[in-house]
Amino acid sequence: MPRDPMTGNERPGRVFLSAFAVHFGGGLVLLKALVQGLGGSLKDALIDERAGAEISIHPETVSVQYVRRSMIARWLGLMALSARTRPGDVLFCFNSLPPVRRPLGRVVNYVHAPYIVGRDPQVRYQWFSALRQSIERMWFRAGVRNCDEVWVQTPTMARAMRAAYPGTVVHVVPFVDDQLAEALRALAADDPKAGASADHAAHSFFYPADGVAHKNHPNLLKAWTLLAADGLYPKLFLTLRPGEMEAALLGAGVRSGELPSVENLGRLPRQEVLERMSQSSALIFPSRAETLGLPLLEARALGVPILASERDFVRDVCEPAQSFDPGSPASIACAVRRFVEGQVAPTTQYYSADELVQRLLAGAP
C-alpha cells in the first residue's frame, strides 16, 4: 500500500483514470465495469462527454472532467490529470494514449486500438479518421517512454507492440465485464478438454519443398520458434540445400541449432519423399502460391493429413485438416496446435473488473 509523502502513513491506492474517446460499443461496456470495480480507489477521471450519461460516478468523491471531442481538449485534459498524480498513485490510460510528460505516479497504458502499433495497408479509412489515427500514433510514440507498463488484450497485440516498440514493458491483460467473465469461467469448467495435455514431440510434420521465396520457409520457422517458446517441440522435417536452409534461418531471425526439433534432410529422391511423407503425422504446406502443389496430391493419395495455407489453390486440390494464414507465423503455429491438441479453445485468464483493479493497484508484473 502506498504511503502519503507528507505524513509517511499508508493510504489506499488512488487511481487517476483517463478514458476520453471511450463512448460506445465494447469499450463503453468495459469502462462501466471498470468504474464500478474501482470503487473508492478512483480519485480523478477524464470521461468523454458523449459517455457522461452512461457512466455512474459520484462527484462528491471523484473529481470528473467531461472532455469534448477535440484533440486539443484531450491533450490538455490529460496533461492536467497527470500533473495531479503523486508518488504511489496510478495513472490508468484506458484509451491507448499516454501522457507526453512523465507524471509522479505510475503509468499503465491500456491499448485498445490496433492502429496504434501501425497502419494496416489493407484497411482503408476515410481521410478524417486516417488523419486522426496518424496523430494518435505520433502521440503514442511521444508518450510511450513515460509508461511503466503497456497492457494489451491478446498475445497477437503483445507481439506487435514489442516489435514496434522494443524495450517497452508489455503485459497481456484481457479484460471483460463481470457477466462475461463468469460465463467464460463456467464454459472452461464444463469443457472436458480444458487443460488436457498433448504430446507435441510425438508428432512430426514434413514439408518437401525447395527454397524459392513463395515456399515461405522463414514464416514456417518462425512458427516453430513460437511453439518452442511455449515449450512445444513437434518435429519438422525440411528438404532444403544447405545454402537454402541458411537463408531460411536468416529470414526467420533464427541461428542454426536454436530449433532442435527442426531437421533439414536435404534433397531427397521421389521415393524417399513419399516414404517420409507416409511416416509423418501430417504434411505442412505454407506456400503462398502454386500452380498445382504436387505434395498436396501426394499426401491426399497416401491418406496423410494436410495443414496448408488458406488459399484457393489449396482448396482446388484437397480439403486440409487445418488451414492458416501463410503470412502469419502465429496462425501457422495455432494450426499445428489445433491439429495436435484438437479443437480446444485457448486457455486464457480473463480479468473481471475487480481482478483488473487488484492487479492495477498491486503493480503486479
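Of all the residues in segment 245-287, those that are among the small types (Gly, Ala, Ser), assigned to a loop (DSSP other than H, G, I, E, B) and over 28 Å from the mean Cα position of the chain (by Cα) number 3.
Could you tell me whether Leu296 is modelled with pLDDT of 95 or more, open to solvent by less than 10 Å² (accessible area, probe 1.4 Å), not in a loop (DSSP other than H, G, I, E, B) and not β-branched (Val, Ile, Thr)? Judged against the criteria, Leu296 is a match.
Within segment 204-229, the set of residues being in contact (Cβ under 8 Å) with a residue 12 or more places away in the chain and assigned to a loop (DSSP other than H, G, I, E, B) comprises Pro208, Ala209, Asp210, Gly211, Asn216.
If only residues of segment 120-129 that are hydrophobic (A, V, I, L, M, F, W, C) and over 23 Å from Arg162 (Cα atoms) are counted, the one that is least open to solvent (accessible area, probe 1.4 Å) is Phe128.
Of the residues Val35, Val29, Val67, the single one that is β-branched (Val, Ile, Thr) and touching a residue at least 60 places away in the same chain (Cβ under 8 Å) is Val29. Do we have Ala142 as under 14 Å from the mean Cα position of the chain (by Cα) and over 20 Å from Ala362 (Cβ atoms) here? Judged against the criteria, Ala142 is not a match.
Within segment 302-321, the set of residues being open to solvent by 10 Å² or more (accessible area, probe 1.4 Å) and part of a helix (DSSP H, G or I) comprises Leu302, Asp312, Phe313, Arg315, Asp316, Val317. Taking first residues from segment 248-268 that are closer than 23 Å to His200 by Cα and touching a residue at least 40 places away in the same chain (Cβ under 8 Å) and partners that are hydrophobic (A, V, I, L, M, F, W, C) and not in a loop (DSSP other than H, G, I, E, B), the Cβ contacts under 6 Å between residues at least 6 apart in sequence or on separate chains come to Val262/Trp224; Val262/Leu236.
The values are calculated or read from the model by the stated rules, or taken from the named source; none is laboratory data. What you are looking at is a predicted structure, and each value in this text was computed from that prediction instead of being measured. When we count neighbours, we look across all protein chains shown, and the Cβ atoms used for this are built from the backbone with ideal geometry, even at glycine. These area figures cover heavy atoms from the full protein model, side chains too; ligands, DNA and RNA do not enter into them. Shrake-Rupley method; radii C 1.70, N 1.55, O 1.52, S 1.80 Å.
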